[in-house]
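What follows is a short report on a single structure.
The values are calculated or read from the model by the stated rules, or taken from the named source; none is laboratory data. It should be emphasised that the depicted structure is a prediction, and the values quoted were computed from it without experimental measurement. Virtual Cβ from ideal backbone geometry, glycine too; neighbours counted across all protein chains shown.
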Amino acid sequence: MSVIDNIEPKLVWKHFDDIRKIPRCSKHEEKIIEHVESFAKKQNLEYKKDELGNIVIKKKATSGMESKPTVVLQGHMDMVCEKNSDLDFDFSKDAINLKLDGDILTADGTTLGADNGIGLATSMAILEDNSLKHGPIEALFTVDEETGLTGAFAMKSDMITGKILLNLDSEEFGEITVGCAGGGDSQVKLPVKTQQIEQNIESLLIKVSGLRGGHSGCDIHEQRGNAVKILTRMLWRAKEFNFKISDIKGGDKHNAIPREAIAVVAIDKSNKDKFISTLKSEEKDILQEIKPIDPNFKVQIKENDEIKTTLTNDSQMQLLNLLHGLPHGVDKMSYDIPDLVETSTNLASITLNEGNAAIALSTRSSIKSALQDFRDRIRATAELSGAIVKEDEPYPGWKPNLDSNILKLSKKVFKEVFNKEAEVKAIHAGLECGIIGEKFPGMDMISIGPTIKYPHSPEEQVEVSTVEKFYEYVLKILEEI
C-alpha cells in the first residue's frame, strides 16, 4: 500500500503513484514513453508520437461542448535524477520511495519527480475521467525538458492544433506564470598535464557536502552554497602548502546547484598538518557566511588510497584560477519586475579525466542580449586560462502578454473558486512555453501548478493540499473556456 493511496484527488495520485515507479531520467525516458502510449491505448484515445518520443493524446469534447476551442494541456515526462551520495539507489530501475509527513510529500534521499510528475498525472486523470465537462483536449507530453528542452525544440508544426495552452509545470499554487527566462549552456574544456607522484607524499580525500543544492533557476537568488566553488576556494586558500591535485569532481546536472564535491590531493608529510588546519579554518569561515541558508555544510578530510599521478604545477594553477574566476549566481535583477532575477549562471559541474578538466555552466536571462553578454564573459574568462568553450544553441524566453485572454479567464476563475486574487508572475526558470510560442505563433499560454519546493534536489517536496486545489482549478478553467 502506498502512502498516497487515500489522498484526494485519488485519480491524480493514482497516476502519480504509477509514474514514480517508472525510470524517467532525462534522455532515458523510454519506459515513461511506453507507459503513456499504453495508457492512451487502454483509454481508446487517439494519439501520435514523433521521432524523439513526444506524445500528444487527443480527447473529444464532452456532449454539448464541441464548439469550444481546443485546449493543449502540456507537461514534460523526464525528471532530474539527484540523490544523496550515501544512498544505495539506482534511478534506472528503482521506484522513488515516498515519505508523507502531514501535508508534505517527499522522497527518501532522492528527487521526488513532482516536477513534472504532478503535471503528467493531472493530464492523465483528465484524459481518463469521462464525467468531466470540457471542450476538445490535446494532452502534450514532451521529452528531455530538463537537459535542454530538446523535445519541445524537435516538435513539428503539425504536432498540435490547439491555440490555447495550459502548461502544468509551475511550482507555486496561486501564481499564474506568464513569462520565463531563456538560457543556454557553456561547456568549458581545459587541457591539463599530469606527472608521476613524488616520494614522501600522503594522499588525502577532501569532501564538501551537506549543502542544499536546488534548482538553478528557482533557487539561485537564495545564494545557496555551490560545492564546486566552495571546494575551489578552500584549495585556493591552501595553495601555499604545495599540494598536488590528483582528482577533482563535483556537481552533476546543468540545472542543479552542486551539493557535493571532492578533491583527491597529494601532500608532503611535512605540510600535511598545516594544510589540513588551513582547510578547517576556511570551513569555519564559510559556514559562518552561509549558515543562514546552508546550516548543514561540512567538510570531511580523510586519508586516501595511494595515487600515482597528479596535475603539474602549471596545470593545477590554471585550473584553480579558472574555477575561482568563473561566475556563479545572480548577475542582475530585473529593473521591470520586483524581486525577479534577470540574469544568472550556475557553475554546474567539474570532472577531470583523459587530459582535460570539463566544466559545465548554465546561464539564464529574461533578456536575450544580456544572456549572450554573460556567456561571452564566461568565454573570455575561460580563454584567458587556455580553455576551449563550446556553447549550445540558446533556448528562447517567454515574453509576458498581459492582454492574454486565457490569463484574463484564469484570473477570473481563480477569484470565483478561491475567493482571492491570483498573482501574475514571470519566473527565472525555463519553461517550454518560450519554444512552443515560437513554433506555434498565436498560442495563448499560461503556466500553473501546485506548490512544489526545492526541485532538482533530494529536498524536493510537494504540498499535498495544493494538488487538489490545482486540479479543481484546471477543471474549472477547462469548463469555462
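Counting only strands (runs of 3 or more DSSP E) that sit wholly inside the stretch 408-477, those with at least 3 residues that are touching a residue at least 60 places away in the same chain (Cβ under 8 Å) and either in contact with a His (Cβ under 6 Å, 6 or more places away or on another chain) or farther than 20 Å from I220 by Cα (or both) are 444-447. Selection of first residues in the stretch 259-272 that are closer than 13 Å to M234 by Cα and of second residues that are in a loop (DSSP other than H, G, I, E, B) and at pLDDT 95 or above, restricted to Cβ pairs under 6 Å at least 6 apart or on distinct chains, gives the following pairs, ordered by first then second residue: V265/F243.
Given A357, A348, A380, which one is buried (at least 22 other Cβ atoms within 10 Å of the Cβ) and over 20 Å from G225 (Cβ atoms)? So that I can check it myself, show each step before the final result.
Working: A348 fails: over 20 Å from G225 (Cβ atoms); A380 fails: buried (at least 22 other Cβ atoms within 10 Å of the Cβ).
Going through A357, A348, A380 in turn, just one is buried (at least 22 other Cβ atoms within 10 Å of the Cβ) and over 20 Å from G225 (Cβ atoms): A357.
Taking the stretch 363-372 as the range and being surrounded by fewer than 24 Cβ atoms within 10 Å (Cβ to Cβ) and in contact with an Asp or Glu (Cβ under 8 Å, 6 or more places away or on another chain) as the test, the residues that pass are I367, A370.
With respect to the conditions (1) in contact (Cβ under 8 Å) with a residue 12 or more places away in the chain; (2) surrounded by fewer than 18 Cβ atoms within 10 Å (Cβ to Cβ); (3) over 30 Å from A360 (Cβ atoms), P394 falls short on a single one, namely (3).
What about G250, is it closer than 30 Å to L73 by Cα and in contact with a strand residue (DSSP E or B) (Cβ under 8 Å, 6 or more places away or on another chain)?
Numbers: closer than 30 Å to L73 by Cα: no; in contact with a strand residue (DSSP E or B) (Cβ under 8 Å, 6 or more places away or on another chain): yes.
In short, no.
Across the stretch 35-55, the number of residues qualifying as among the charged types (D, E, K, R) and surrounded by fewer than 16 Cβ atoms within 10 Å (Cβ to Cβ) comes to 5. Going by the structure shown, is A181 surrounded by fewer than 23 Cβ atoms within 10 Å (Cβ to Cβ), within 29 Å of R377 (Cα to Cα) and of a type in the set (G, A, S)? So A181 fails the test. Would you check which residues across the stretch 116-145 are in a helix (DSSP H, G or I) and among the acidic types (D, E) and list them? Once the filter is applied, which keeps residues that are in a helix (DSSP H, G or I) and among the acidic types (D, E), the stretch 116-145 yields only E128. With respect to (1) closer than 28 Å to V80 by Cβ; (2) part of a loop (DSSP other than H, G, I, E, B), the lone exception for S270 is condition (1).
On the given criteria, is A154 of a type in the set (G, A, S) and more than 19 Å from the chain's Cα centre (by Cα)? The answer is yes for A154. Contact map, the stretch 117-143: first residue over 14 Å from Q43 (Cβ atoms), second residue in a helix (DSSP H, G or I) and at pLDDT below 95, Cβ cut-off under 8 Å, separation 6 or more or different chains; pairs are V143/T150. Scoring L320 on the criteria (1) closer than 15 Å to K244 by Cα; (2) modelled with pLDDT under 95 leaves a single failure, condition (2).
With respect to the conditions (1) on the phi < 0 side of the Ramachandran plot; (2) touching a Phe, Trp or Tyr at 6+ places or on another chain (Cβ under 7 Å); (3) modelled with pLDDT under 95, M124 lacks only one, and its number is (3). Got at least one residue in the stretch 20-37 being touching a Pro at 6+ places or on another chain (Cβ under 8 Å), assigned by TED's automatic domain parsing to the domain that holds M124 and of a type in the set (K, R)? Within the stretch 20-37, one or more residues are touching a Pro at 6+ places or on another chain (Cβ under 8 Å), assigned by TED's automatic domain parsing to the domain that holds M124 and of a type in the set (K, R). Just one residue in the set A121, A152 is among the small types (G, A, S), within 27 Å of S349 (Cα to Cα) and in contact with a helix residue (DSSP H, G or I) (Cβ under 6 Å, 6 or more places away or on another chain); that residue is A152.
Kindly indicate whether any position in the stretch 353-362 is within 12 Å of P394 (Cβ to Cβ) and either in contact with a Ser or Thr (Cβ under 6 Å, 6 or more places away or on another chain) or outside the structural domain of T312 (by TED's automatic domain parsing) (or both). Reasoning before the result, please.
Applying the first criterion (within 12 Å of P394 (Cβ to Cβ)) to the stretch 353-362 yields 362.
After this cut, where a residue has to be either in contact with a Ser or Thr (Cβ under 6 Å, 6 or more places away or on another chain) or outside the structural domain of T312 (by TED's automatic domain parsing) (or both) as well, the list is 362.
Yes, the conditions are met somewhere in the stretch 353-362.
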